[in-house]
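Reading through the structure tokens given below for one structure.
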Amino acid sequence: MAINNLSYGRHGLRDWLLQRVSAVIIAAYFLFLVGFWLTHPGFDYDTWMSLFARPWVSLFSLLFLISLFVHAWIGIWIVATDYLKGAFLRYTVLILVALSFIAFFAWGVQILWSVPA
Amino acid sequence: MNKKRPVFLNLFAIQFPITAIVSILHRASGVLLFLFIPCLLSVLASSLASEADFNALRDTFSQPLAKLLLWLFLAALSYHIIAGIRHLLMDMDIGDSLQAGRWGARIVLALSVIVILLIGVGLWR
Ligand code: HEM
């Protein structure tokens, strides 16, 4: 039964916990951005750049990216397992999602990296 | 299985409990957010690339279609977070009786409608 999945072995509880911890980090990050936007009325490029130039913001952004992909991966895995009953189709979709996540994560890191400190 | 058992699938006549609606919307919003990930990254990339790109992005988001897409994203995110918080509370055994669950579902829907409308007002103001 545990053969037909892409989560290595039976890690339901670990996935469940990761899903929750990552949810809280993602929510905190979006609320942080909204809060920043609301408290900076004449918000322009320089304000935005100086935000991402701060080391702790880079770190927070990196943590957000990791959480986003962990959360979305577990979520999509659950949804795919619920609706895609054919093993071939499910594997194909999940492998495409996994590959795109690797590429997107690299892209995200590169975006953060490109901001001069 | 009995192949001749009656099937009733009139989606307009089937009544879903409010808790089921809140739950399926949470799933739908999660999948929608997942589809928005590339957009999110490309917006972040151009917003940080240069001042010209930043201002071009600003112009883009003053157009109706882009605004609508942004609203759709923010609506999905708001709903997913509000319903997600209820989910987390229920995981901690808060509000997970049948009655409290129904009230929680109503609160999630009402709060989401308010927040999504407010965001819309903010975007088109
Ligand atoms: C853009 C970011 C996000 C994406 C792409 C996303 C995507 C998803 C997906 C696809 C699911 C699976 C749905 C299901 O199992 O029915 C899910 C579940 C969940 N999400 Fe998110 N999510 C995001 C942000 C958030 C945030 C900020 C929260 C904070 C409250 C959150 C809380 C949850 C919870 C608690 C679940 C578990 C639901 C369950 O176990 O049934 N998510 N998410």
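Every number here is computed from the coordinates shown, using simple stated rules; none is lab data. Being a predicted model, the structure only gives us computed values, none of them experimental. No Cβ is skipped: glycine too gets one built from the backbone with ideal geometry, and neighbour counts run over all protein chains shown.
Computed from backbone phi with θ = phi - 60° and the Karplus coefficients 6.51, -1.76 and 1.60, the 3J(HN,Hα) list for segment B:57-64 is 4, 4, 5, 4, 6, 8, 8, x Hz; x is used for glycine and proline. Using θ = phi - 60° in the Karplus curve 6.51 cos²θ - 1.76 cosθ + 1.60, the 3J(HN,Hα) couplings for segment A:66-82 round to 4, 4, 4, 6, 5, 4, 5, 5, 4, x, 5, 4, 5, 5, 5, 5, 6 Hz; x is entered for Gly and Pro. So if we plug the beta-carbon distance of A:Leu84 and B:Met92 into 1/(1 + (r/R0)^6) with R0 = 41 Å, what FRET efficiency do we get, rounded to 0.05? My answer for the efficiency is 0.85.
Considering only DSSP states other than H, G, I, E and B, which chymotrypsin sites (Phe, Trp or Tyr not before Pro) in segment B:20-125 qualify as loop sites with at most 14 other Cβ atoms within 10 Å? In loop regions of segment B:20-125 (DSSP not H, G, I, E or B), the sparsely surrounded chymotrypsin sites (Phe, Trp or Tyr not before Pro) are B:Phe61. If you sort the three axes of the alpha carbon gyration tensor as a ≥ b ≥ c, you get a/c of 1.5 or more for chain A and a/b above b/c, which makes it prolate. The angle separating the long axis of helix A:12-39 from the principal Cα axis of greatest extent in chain A is about 20 degrees. Across chain A, the relative contact order, built from alpha-carbon pairs under 8 Å that are at least six residues apart, equals 36 percent.
Per the helix-only calculation at 222 nm, which mean residue ellipticity applies to chain A, given -39500 (n - 2.57) for every DSSP H run of n ≥ 4 and division by its residues, nearest 500 deg cm²/dmol? Let's see the in-between values first.
Numbers: 4 runs with 93 residues, N = 117.
When only DSSP H runs of four or more count, the value is -28000 deg cm²/dmol.
Approximating the spin labels as points 7 Å out from Cα along Cα→Cβ, the A:Trp16-to-B:Leu11 distance works out to 3.1 nm.
I need the shape label for the protein assembly as shown. Rule: rounded when a/c is under 1.5, else prolate if a/b > b/c, else oblate, with a, b, c from the alpha carbon gyration tensor.
prolate
Considering every residue in B:44-53, what mean count of other chain Cβ atoms within 10 Å of its Cβ is obtained?
Details: counts 7, 5, 1, 5, 10, 4, 2, 5, 1, 1.
Taking the mean over all residues of the peptide, I get 4.
Ratio of Rg to Rh for chain B, alpha carbon only, Kirkwood?
Details: Rg = 19.4 Å, Rh = 17.3 Å.
Taking Rh as the inverse mean 1/r over Cα pairs, Rg/Rh reads 1.12.
Structural descriptor for chain B: relative contact order 32 percent, calculated from alpha carbon pairs under 8 angstrom and at least 6 residues apart. By how many degrees, between 0 and 90 and to the nearest 10, does the Cα long axis of helix A:87-113 differ from the longest principal axis of chain A? Helix A:87-113 sits roughly 20 degrees off the main axis of chain A. Taking Lys and Arg as +1 and Asp and Glu as -1, the other residues whose beta-carbon sits under 15 Å from that of B:Ala110 total +3.
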